[in-house]
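Only one structure is covered here, and it is reproduced in the block below.
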Ligand SMILES: [Zn+2]
């Protein structure tokens with residue numbers, strides 16, 4: 001996809017948040033919720049190292065938006081994220097009525113990197129977002145930043161090897 005110039009800072013922030021997760025001993029995923037006017041409303045990174053494997057940033061942002069935004073604000077918001085939503089997060093995104101998603105790396109790319117690294121398959125099947133949430137506008141991958149995300153996942157799993 002072609003990233004609009006104004007959107008690159010949000011995607012770069014996702015890479016930073018993923019790196020922060022890695023520094024905190026967590027899987028490198030990060031996401032940013034941006035309002036219709038371009039304002040950053042909320043951001044988070046993966047927190048599954050706590051032991052709760054549902055603590056994905058996209059899930060946290062969906063629940064944050066349900067608590068803090070009107071249905072109209074949610075529909076006009078965009079979620080930028082380092083990796084394509086998993087089925088749980090895609091479902092949460094659609095259930096709360098959030099708008100567009102822009103992801104850097106696809107689930108298919110992540111899956112092939114993890115297979116290369118010998119990481120066991122996750123307990124939840126990987127599906128493209130549109131299989132779970134067909135009404136959501138989705139863009140990605142973003143080739144300019146994909147290599148940075150791949151490198152973070154390599155570092156995470158190399159450290160554990
Ligand atoms: Zn998820």
(Q) Out of 61, 69, 98, 145, I need the residue that is at pLDDT 95 or above, under 15 Å from the mean Cα position of the chain (by Cα) and more than 16 Å from the ligand (Cβ to nearest atom). Which one? (A) 145
Q | Candidate set: the stretch 72-95, residues that are touching a strand residue (DSSP E or B) at 6+ places or on another chain (Cβ under 7 Å) and within 14 Å of the ligand (Cβ to nearest atom); chosen: the one farthest from residue 151 (Cα to Cα) | A | 93
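Assess whether residue 128 counts as being more than 15 Å from the ligand (Cβ to nearest atom), farther than 23 Å from residue 38 by Cβ and surrounded by fewer than 23 Cβ atoms within 10 Å (Cβ to Cβ).
no
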Q) Which members of the stretch 116-131 meet the condition of being in contact (Cβ under 8 Å) with a residue 12 or more places away in the chain and within 15 Å of the chain's Cα centre (by Cα)? A) 126, 127, 128, 129
Q.
So, in the stretch 122-161, how many residues would count as being assigned to a helix (DSSP H, G or I) and over 21 Å from residue 26 (Cβ atoms)?
A. 6
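The values are calculated or read from the model by the stated rules, or taken from the named source; none is laboratory data. Not measured: the values here are computed from a predicted model. As a convention, Cβ positions derive from the backbone with ideal geometry for all residues, glycine included, and neighbour counts pool all protein chains shown.
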